[in-house]
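What follows is a set of notes on a single structure, which appears directly below.
All of the numbers you see were taken from the coordinates with simple rules; none came from a lab. Quick caveat, the model's predicted, so the values are computed rather than measured. Every residue, glycine as well, gets a Cβ built from its backbone with ideal geometry; the counts of neighbours run over all protein chains shown.
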Amino acid sequence: RLLGRRAAIRKRAEQVSAMLESIWRGDDAPADGTAGAGDIEAAPIRDAAWLEKVSTALQYKEQVDREEEDKQLNSRRIAEVEDVLSAADESASKTSLTAASAKLDRSLAAAAQMKQRARVRMRAVLLSQAADEASARCDSETRKALKPSGSLVARLAVPDACDEVASLVQTAWVIAISGRRPEGVPPPSDVLRSSLRILLQRLHSELGLSKADKEADDPNDAMSRALSRETVAAIDEAEKHAAGLREKSLGALREELASATSEGQDALSRATESTKKLAAEIAALTAKHGHEAVVAEEELRKDRMEKQAQHAALNSLTLSTQIEKERLEAELYERKPRAKVFQHVLTTLKSLQEKLKEQETEGVQNRKSQGLLAHTLRALESRAQKGLEECLRRLRGEGYIAANESIDDSVITDFKPSANISKKKEKYEDQEREFFAGLERDVQKLKATKAAELKRAVALRGAVLRAEAEEHLADLRRSASRLKAWRTEADRTRPWLGELVPLARARAAVAKAAEFVRAAAENGGDSAALKPALRAAVRRLRLLELSTAKGVSCESPRPGGLEPLLAKLLDTDKAIVALGKEYPDVAQEEAPEVTRKVSLDTEAMDGEDLDGGESMEAGSPKVLSPVAKSSWAGLASLGTELLAGAAPEATAAPDTFAPFQRPPPRQL
């Protein structure tokens, strides 16, 4: 059972090692090229669940690694103790042996600490691979492990110090290419500069170099040339790898930008078209209603003025008839009637009859007034004719003839109508003024009605078109959110895109220098044989330090027209929201029937309303205007007097008379 458990632990450790090796190299697939290492890498999304699963598997690997590390440290301690004892001669003091033993112990303890820091850094790498950045926070131990420690590097052996710095730079590289930096992780460029500075200090201390020695190094020795060849090849390969990763990220960003821009432009064009449609239709509707209001006002004025003209003509004929009636009656009362007056009255009455026939009248009441006036004129003509005949008969009896009658025109021009005629004339003038005032009131009412109709029509149509425009809000906001997300992602990606290639060069150079020093230490054995390799590594690391001190430039795909497009999307969104406030939803309820209210002073001039003689409201009696009332009353009184025979002892007829009342018997 124990052997089976150990075998399962080792198998699980091999699976997670393959996955970690793939992450450590910056590849998308494990080293063996399979789709995943066991069931650990099978998850398509590296989320919190994936991180928990891998962390559990990593514990098994760390358990196996600790056992191997303990064995290696014991073997290394035994070998280095033997080297110390064999190198010391018999004359060596006990104090020197104790110091060498203490240095060895410090070096081995630092090596154990270095291994522990490497395990902590591996957990930080896994944390950077998880997709959930909100929970990606490093504790204090992880933060310390991700930063170079000068005291630790000083205690480590030179090969271990180089391995520690190479591990730090490699960790910074892996976290950088992941595109996610958990909270507490230092910037990769800071880690690289501080690590190189600490490592160079350690190597200078090991070599005992002064400032003059640093400047007098020979870069053309065999060790330097060999390290340069290996480093150049490693840097070329690392640059190709980094360039591929950078182009992949840039390509994904370019594709997303092109897709988001295309989607945003389509959404913007549709939304803009809907808003333009709303503005155009509202303008056309306003113009149409404005034209209809002008036409309605013109028709109202024309109709009312035509009716007013008819009434004015009838009133004028009525007054003229009344004047001739009074002239005729006054002449009939004269002791000596004058034939010229009767002839003038007959001529005037015939002229009035001709005008009355030519007068166009509309409406039942106007036609009634016209008929009554015609009847009155005929009656007056009959009376005038009889008066003329009686006057001529009397004149013949007295020996005069009409032709020899010497009467000037003053008898015609000096005639003064009664006060009743003047009052009626003033009354007609007042009614005419009231008519124009009422007409203006009706025009204002018509304008208010048309304005209310326009307002409701605009509200109804605007609400419909606004609802159509609001259908594009979701697309506008989705496109704007997508462009904002791209901008945020580009801002976040820009720094590590600039650091990618310099970090790749530094990682390859430091790793190759560490391998070179480790190989020299394992092959040479003593410190004298190790110094040429250390000098070559120092020269290479100095060049690397100079190149990293210049800094790196940030790179990202050019946003192009992103900002103008995003501004247009946001402005269009605000415009549609403003349309919602300007054209809110209107209840689609049936509008109540509006009773047509018009001025009584101008409506019933012909005794009818606008609907052709029907009452203004169902069941209501017909109402006559003051103009129609006075015209009808004047004609009625005039006709009554004529039918009554206008006896000399009769007084003036009253102003009002029932139109169809039976007249009193005529007095001869």
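Tabulated values for the structure
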| read-out | value |
| --- | --- |
| Net charge contributed by nearby residues that have their C-beta within less than 13 Å of residue 293 (K/R +1, D/E -1) | +1 |
| Sites residue 543 and residue 151 - FRET efficiency at Förster radius 35 Å, r taken between beta-carbons, to 0.05 | 0.85 |
| Segments 181-189, 390-398 sorted - mean Cβ within 10 Å per residue, highest first | 181-189, 390-398 |
| Peptides 512-522, 282-292, 230-240, 166-176 ordered by average Cβ neighbours within 10 Å, highest first | 166-176, 512-522, 230-240, 282-292 |
| Cβ-defined net charge surrounding residue 283, 13 Å radius [Lys, Arg +1; Asp, Glu -1] | +3 |
| Proximal charge balance of residue 187 [Cβ under 12 Å; K/R count +1, D/E count -1] | +1 |
